[in-house]
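Right, one structure below, let's go through it.
The numbers here are math on the coordinates, done by the rules we state, and not lab data. Model, not experiment: these values are computed from the prediction. Using ideal geometry, Cβ is built from the backbone for each residue, glycine included, and neighbour counts are taken over all protein chains shown.
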Amino acid sequence: MSLTVESLSYTYGAKPALEDVSFSVAGGQFAALLGPNGAGKSTVFALATRLFATQSGTVSVAGNDLSASPLKALAALGVVFQQSTLDLDLTVRQNLRYFAALHGLSGRRVDDRIEKVLGQLDMAERAGETVRKLNGGHRRRTEIARALLHEPKVLLLDEPTVGLDAPTREALVAHVHGLCAETGLTVLWTTHLTDEVWDADQVILLHRGRVLADGPCGALRGDATLPAYFAEMTGVDA
């Protein structure tokens, strides 16, 4: 498995945020960590990216335990946070070069990688534009391109479509699904929006810090729509 979470529990003081959360995502799979606001998705994300230290349980990325071998695990991980961290006054290419330098990458290989990932996300023509001039969807694509520069095995995205309009959200979801199909990239996409999940996607349904269901979306929802299944399982209107 490319990403494995086992028996993950976490508390904020006396308040439990996660209780014995376990799931795994195979290579090349698009998995949606789906749940209402407050379900614990952001806590899972913070633990999986080592923003928080684990209290109980383990996270493994490409076979590397995040606590025991953090450098190897993080090297196999690409991350897109909910809040943008791009430099608005640099161009798209400059942002990517700066990130590459932080990873110790330089030379012709970096330029080749930049051109490749921008091409995969239909951003090649905007490489010389400053980020400030880009719309929200193109800024997100730039962040995804940046996260893929070091050729990670697993890409984590935390509510990446927040603030985007419906057509832009749909296009971004399709692009990331395409990356999985074309490159074998493993994706964990956290969201509370059911229309971002496709029937072939793995769904990990999280509610009140617990996994309620884990499996292919189409099989889980059966004859119901995903919003109806979501509401039935969580008591929250999707």
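In degrees, nearest 10, range 0 to 90: what is the angle between the Cα axis of helix 92-102 and the longest Cα principal axis of the chain?
80
Can you check what the net charge comes to around His175, using other residues whose Cβ is under 13 Å from the Cβ of His175 (Lys, Arg +1; Asp, Glu -1)?
Numbers: positive: Arg140, Arg141, Arg169; negative: Asp122, Glu143, Glu170, Glu182, Glu196.
Surrounding charge for His175 is -2.
Could you tell me the relative contact order of segment 144-202? Use alpha-carbon pairs under 8 Å, at least six residues apart, and round to a whole percent.
On the way: 38 pairs, mean separation 26.8, N = 59.
Computed value for segment 144-202: 45 percent relative contact order.
Fewest Cβ neighbours within 10 Å first, please rank Trp189, Trp198 accordingly.
Values: Trp189 23, Trp198 16.
Arranged by neighbour count, lowest to highest, Trp189, Trp198 become Trp198, Trp189.
Please list the non-local residues whose amide H lies under 5 Å from the amide H of Leu206, H modeled 1.01 Å from N, same-chain partners needing a gap of 5 or more.
HN-HN under 5 Å from Leu206: Leu34, Gly35, Leu212.
Quick one: length gained pulling Thr85 to Asp111 fully straight, 0.36 nm per residue minus the C-alpha distance?
Going from the current span to full extension adds 7.3 nm.
Under 10 Å, Cα contacts only: if you run a Gaussian network model on the chain, which one of Leu96, Leu179, Leu157 comes out with the highest mean-square fluctuation?
Leu179
For Ala53 and Ala224, what does the FRET efficiency come to when R0 = 41 Å and r is the distance between their Cβ atoms, rounded to the nearest 0.05? Walk me through the numbers on the way to the answer.
Values: r = 39 Å, r/R0 = 0.95.
That gives a FRET efficiency of 0.55.
Taking 0.36 nm per residue of separation and subtracting the Cα-Cα distance, what length does fully extending Ala166 through Ala231 add?
Numbers: separation 65, 0.36 × 65 = 23.40 nm, distance 2.11 nm.
21.3 nm is the gain from fully extending Ala166 to Ala231.
Counting alpha carbon pairs within less than 8 Å and at least 6 residues apart, what relative contact order, in whole percent, applies to the chain?
Working: 443 pairs, mean separation 66.4, N = 238.
Rounded, it is 28 percent for the chain.
If I stretch the segment between Asp199 and Tyr12 completely, what's the gain in nm (0.36 nm per residue apart, minus their alpha carbon distance), one decimal?
Details: separation 187, 0.36 × 187 = 67.32 nm, distance 3.43 nm.
Stretched fully, the Asp199-Tyr12 segment lengthens by 63.9 nm.
Show me the trypsin sites (Lys or Arg not before Pro) within segment 163-238 that DSSP assigns to loop and that have at most 16 other Cβ atoms within 10 Å of their Cβ.
Hits after loop and neighbour filter: Arg208.
For the modelled label position 7 Å from the Cα of Ser22 along Cα-to-Cβ, which residues of segment 193-223 have backbone nitrogen atoms closer than 20 Å?
202-216
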